[in-house]
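Following: one structure in structure tokens, then a few remarks.
The values are calculated or read from the model by the stated rules, or taken from the named source; none is laboratory data. From a predicted model like this one, the values you see are computed outputs, not experimental measurements. Cβ: placed from backbone, ideal geometry, glycine included. Neighbour counts: every protein chain shown. To get the accessible areas, we keep the full protein, side chains included, count just its heavy atoms, and leave off ligands, DNA and RNA. Shrake-Rupley method; radii C 1.70, N 1.55, O 1.52, S 1.80 Å.
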Amino acid sequence: MRHYYPTALLLCSLCAATPFATAQNTTNLPTSMYGVGELSASDGGRYAGMGNVGIALNRIGFQNTLNPAAITRMDSTCFTFDVGASASYARYSFLSEHSASGTGNPNRISMGFRILPRWYAIVGAAPYSSIGYVIQTEEEVEGVPGSYTYSLFEGTGGLYRCYLTNAFALTRQLSVGVNLGMITGTVTQSETQESAIVKYESSKRAFYADFGVHYEFATSSQRMWAAGVVFAPSFPISHDNTLTYSNSSTSESVDKGYHSRTQYLPAHLGTGFSMTTPRWVLTADYNYLDWSRNSSSYTSMKYENQHKLNIGGSYVTNPRLPRSTELMGGVGFSNSYINLKGGKMQYLEVSAGASFPIRYSYLSLGATWRKQINSRSNLMQESRFSLNLNLTFGERLSKAKLK
């Protein structure tokens, strides 16, 4: 198997280079200026059409990023690769103002393989959050009626995560796993007024880890049940900050460091349940994210703990075949971790998709419609339609399974 090692090393190198792709903007939402930006709801994957569920899913050909314990069904005879991309179109409205934007980016790359008979691993990279906004304001100059000062606020960048997943099959029913990785990226925010520009650039990085358990049992020869639990502690985010001031009218410029409040990754607790028959897979996830360690530097914004509930299912069109087309659907409801002026923001998501076998690969398509539901009418409204494309393929190690 020596001639397969260069392929593994090549993908590891590609994962190291992925930040240049995954750190691109995937949002134009104005509220992404707060906190760590707009969180990535999902990194796509084969079951993107099921509505971002997977804590209890442990299936062949599925590189699960939601539960590190649920990857012990990977094909042991090959390296399994996952690559994906997403595109979205969003409409925003604020009172009587309306705007629209479109984005498109690669959103995941990973490689899964079996190390030992009961030890499985995944190496990968995916987006964590994104910042992208352009806001223009005008204020009347005091004492000069009819004269206005215009300000422009812009932000770009985001965070991505590189991770190593290890899972161990303790028994045929019970698996445990751990995700270890880094979250890093650069965020640039600027304020422009007349000829003066103040730019804040912050390079962020944080260690993160999450732990998972997956257990499955059969109640009959045609029905399998499974449950999963995941937990991630909170970790601080380190900052390297640079402030740049320039004024074109005076040729004045300043470049120096600045201090900002410490941010923290949220603590995360999630649980999921699934039921599998030869034709059907039905599953549900609940996730809780605790943002209480964070405090806001904006008087109008505070952090809100998040609750997410997702339900999804898939239908196998021909269960007699070893590989068959699957049709998927899902629905989810969650709240934003950002609270603006006491106003809460919730999201309703509806997903649909399909996974098609192509020889030893799977081509998966997922579509998601998301509607922002706010508690107050004077908050930004968003409606978004997203498409996910994912390809799962394998490189055969040998003609026989590993013993």
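Look through S234, S249 and report the one residue that is part of a loop (DSSP other than H, G, I, E, B) and at pLDDT below 95.
Only one candidate passes the filter, namely S249.
What's the total number of residues in the stretch 302-333 that are open to solvent by 40 Å² or more (accessible area, probe 1.4 Å) and under 20 Å from G212 (Cα atoms)?
Going through the stretch 302-333 one residue at a time, the tally reaches 4.
What about R293, is it touching a Pro at 6+ places or on another chain (Cβ under 6 Å) and in contact (Cβ under 8 Å) with a residue 24 or more places away in the chain?
No: the conditions fail for R293.
Taking the stretch 360-390 as the search range and keeping residues that are small (G, A, S) and part of a strand (DSSP E or B), which one is farthest from G104 (Cα to Cα)?
Taking the candidates together, the pick is S361.
Kindly establish whether G394 is assigned to a strand (DSSP E or B) and farther than 23 Å from A41 by Cα.
Yes, satisfied.
Could you please let me know if R114 is surrounded by fewer than 22 Cβ atoms within 10 Å (Cβ to Cβ) and either over 30 Å from L379 (Cα atoms) or not aromatic (F, W, Y) (or both)?
Answer is no for this residue.
What about A69, is it open to solvent by less than 10 Å² (accessible area, probe 1.4 Å), hydrophobic (A, V, I, L, M, F, W, C), in a loop (DSSP other than H, G, I, E, B) and touching a strand residue (DSSP E or B) at 6+ places or on another chain (Cβ under 6 Å)?
Yes.
Take the residues in the stretch 298-318 that are part of a loop (DSSP other than H, G, I, E, B) and either aromatic (F, W, Y) or within 18 Å of L265 (Cβ to Cβ) (or both); name whichever of them is farthest from the chain's Cα centre (by Cα).
Y298
Yes/no per residue for (1) open to solvent by 10 Å² or more (accessible area, probe 1.4 Å); (2) farther than 23 Å from C162 by Cβ; (3) free of Cβ contacts under 8 Å to residues at least 60 places away in the same chain:
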{"residue": "L39", "(1), (2), (3)": "yes, no, no"}
{"residue": "R73", "(1), (2), (3)": "yes, yes, yes"}
{"residue": "A85", "(1), (2), (3)": "yes, no, no"}
{"residue": "Y89", "(1), (2), (3)": "yes, yes, no"}
{"residue": "H98", "(1), (2), (3)": "yes, yes, yes"}
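What are the pairs with Cβ atoms under 6 angstrom where one residue, in the stretch 234-262, is under 26 Å from S129 (Cβ atoms) and the other, located anywhere, is surrounded by 10 or more Cβ atoms within 10 Å (Cβ to Cβ) and acidic (D, E)? Sequence gap at least six, or different chains.
What qualifies is T242/E201; T244/D255.
Is it the case that some residue within the stretch 266-274 is buried (at least 19 other Cβ atoms within 10 Å of the Cβ) and under 17 Å from the mean Cα position of the chain (by Cα)?
Checked against the condition, which is being buried (at least 19 other Cβ atoms within 10 Å of the Cβ) and under 17 Å from the mean Cα position of the chain (by Cα), the stretch 266-274 yields at least one hit.
Would you confirm, using the coordinates I've provided, whether E216 is modelled with pLDDT of 90 or more, of a type in the set (D, E, K, R) and touching a Lys or Arg at 6+ places or on another chain (Cβ under 9 Å)?
In short, yes.
Would you check if T299 is closer than 27 Å to G35 by Cβ and surrounded by fewer than 16 Cβ atoms within 10 Å (Cβ to Cβ)?
yes
I'm trying to understand the selection: among the residues of the stretch 282-315, which are modelled with pLDDT under 95 and β-branched (V, I, T)?
T299
Does any residue of the stretch 187-197 turn out to be under 22 Å from T80 (Cα atoms) and of a type outside the set (S, T, N, Q)?
Taking every residue of the stretch 187-197 in turn, none turns out to be under 22 Å from T80 (Cα atoms) and of a type outside the set (S, T, N, Q).
From the list S292, S334, which residue is within 30 Å of S202 (Cβ to Cβ), in a strand (DSSP E or B) and of a type outside the set (A, V, I, L, M)?
When all the criteria are applied, what remains is S334.
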